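Quick note: the coordinates plus some simple rules give every number you see, no bench work behind them. Values in this document were obtained by computation on a predicted structure and should not be read as measured data. Cβ: placed from backbone, ideal geometry, glycine included. Neighbour counts: every protein chain shown.
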Amino acid sequence: MKHNLLLMSLLIGASACNAAPDLDAARQALMDADRAFNQETSARGVDGWVSYFAEDGVQFVSGGHISGHEAIRELMTPALSDTALSLTWEPVSARVSSSGELGYTIGRWERRVTGPDGVETVVTGSYVSIWRLQEDGTWKVELDIGNPDER
């Protein structure tokens, strides 16, 4: 009898470990992560931006892509340290894989730049970011790409 109880306990524990993730909660957590990414970038500039990328994360740029924190920092420092420029975005949807480990967000971004003459230029566009759930429960960007709207 003890042996059967032990075996049942182990099976129940194993089942709990392999339980399907709550995909609605995972989607909400991913939307929240994307919004926090925007807030941290607004508050901390390039440090906020880079902190949301995986160590080997990829960012698409015109004509190709770059990879890794240092390359992303080098690319984004001029724009995100320019006080005449603001970049904001808002996710509009998220999808999460059935395992709950990968997901993507789709959203809209806006860049505002005030020129030396005081005239503000606004450019808008769409983006997709692919995210991976980390062991510590946070989401990190694996790949990011944004495209401006046609003018």
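Rounded to the nearest 10 degrees, the inclination of helix 69-80 to the longest alpha-carbon principal axis of the chain is 40 degrees. Electrostatic tally near Glu142: other residues with Cβ closer than 15 Å to its Cβ, Lys and Arg +1, Asp and Glu -1, net -3. Can you compute the label reach from Thr77? Point 7 Å from Cα along the Cβ direction, backbone N cut-off under 20 Å, restricted to region 110-136. Taking a point 7 Å out along Cα→Cβ of Thr77, no residue of region 110-136 has its backbone N under 20 Å. For the chain, the longest principal axis of the Cα atoms and the long axis of helix 23-44 meet at an angle of about 40 degrees. Over the residues of the chain, the helix contribution to mean residue ellipticity at 222 nm works out to -12000 deg cm²/dmol, using -39500 (n - 2.57) for each DSSP H run of at least 4.
Along each principal axis, taking the top coordinate minus the bottom one, the Cα set of region 20-148 gives 56, 28, 28 Å in descending order.
Taking the 0 to 90 degree range and rounding to the nearest ten, how far is the long axis of helix 2-17 tilted relative to the main principal axis of the chain, both from C-alpha atoms? Approximately 10 degrees, to the nearest ten.
Each residue, Thr121 and Glu40, gets one label point 7 Å from its Cα in the Cβ direction; the gap between the two is 3.0 nm.
Can you tell me the FRET efficiency between Val92 and Ser62 if r is taken as the Cβ-Cβ distance and R0 is 25 Å, rounded to the nearest 0.05?
Working: r = 24 Å, r/R0 = 0.96.
My answer for the efficiency is 0.55.
In the distance distribution for region 45-100, Cα-Cα pairs more than 18 Å apart total 47 percent.
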